[in-house]
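The values are calculated or read from the model by the stated rules, or taken from the named source; none is laboratory data. Note that the structure is a prediction, hence the values are computed from the model and not measured. Cβ: placed from backbone, ideal geometry, glycine included. Neighbour counts: every protein chain shown. In case anyone asks, the SASA skips ligands and DNA or RNA and just uses the protein heavy atoms, side chains included. Shrake-Rupley method; radii C 1.70, N 1.55, O 1.52, S 1.80 Å.
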Amino acid sequence: MIDIFDGLREFTFTSVLLRLVLAMLCGGAIGYGRTKKNRTAGFRTYMLTAIGASLSVIIALYEYELMQTIWADIVSDVGMKFDASRFASSVIGGIGFLSAGSIIAVRHQQVEGLTTATGLFASVCMGMAAGAGFFECVIVSLVLIILALEAMQPLEALYKRRKRNITLAVEFDSVKTIEEITEVVRSKEAQILEIEIERTEKKGDLYPCAIFSMKMSKEHQSHSEMLASIAELPDVFAAEELIS
């Protein structure tokens with residue numbers, strides 16, 4: 001480990017203050033990027049979860065310190081046992097409820113909030129590392145979490161745009177429009193893998209909607225071109241690409 005942190009690993013007021021502040025700043029740094037994207041959990045949520053996780057570990061260490069000093073006589077008489085890992089497991093179990101609340105189902109059988117949920121979980125684990133005084137781990141995890149949430153997003157979007165497989169949700173006036181959509185897809189030399197029909201509500205009325213799973217040809221790999229061609233059909237109300 002890095003020697004410069006050895007003095008801060010001691011259980012003193014200064015080290016406790018540093019651990020809480022470090023957890024708050026690192027959690028806030030992760031949450032700031034999520035706030036800019038208007039995610040459910042943002043700046044303050046990540047900050048508070050990191051502080052709470054750090055505090056739970058500090059409390060565990062504090063109780064252990066008391067059992068070694070002020071409560072030493074009672075412990076020797078009663079034979080109390082202490083397991084600091086129970087605090088960490090309780091925190092991880094608790095963050096599961098919060099993370100699950102950020103996962104929501106949206107239209108066309110799509111799910112949002114998975115990245116937010118996993119980000120909260122990672123933030124909590126980072127906060128516990130800060131509470132335990134594992135400063136090297138906190139710094140490394142902060143860099144990796146921000147890298148995964150922010151820097152990797154453009155690469156992920158680029159990869160999805162270049163994929164040959166594409167899923168489109170198309171809302172239209174009549175089921176007969178499916179034939180027109182199929183003709184457009186074939187004109188682009190794409191292969192339809194699956195069609196799923198459902199109904200969507202629009203201005204109080206129910207309209208048919210089809211989810212097309214298709215595979216683009218090597219010559220026509222532009223997702224935007226396929227989407228625009230289908231959206232231009234006269235009986236199509238809306239067309240959007242479903243990102244998996």
*In straight Cα distance, which aspartates and glutamates are under 15 Å from K36, not counting same-chain residues fewer than 8 positions off?*
E150
_Heavy-atom SASA rank of M47, M216 (probe 1.4 Å, accessible area, largest first)_ = M47, M216
*Show Y62, Y207, Y46 ordered by accessible area, largest first, where the area counts protein heavy atoms only and the probe is 1.4 Å.*
Y62, Y207, Y46
*Once the piece of chain linking S76 and E183 is laid out straight, how much longer is it, given 0.36 nm per residue of separation minus the C-alpha distance between them?*
30.3 nm
*Between V175 and I59, how many nm apart are label points set 7 Å from Cα along the C-beta direction?*
5.9
*Give me the number: length gained by fully extending Y207 to V21, i.e. 0.36 nm times residue separation minus the C-alpha to C-alpha distance, one decimal in nm.*
61.6 nm
_Could you compute how much accessible surface I195 exposes when probed at 1.4 Å, giving the result in Å² to the nearest 10?_
70
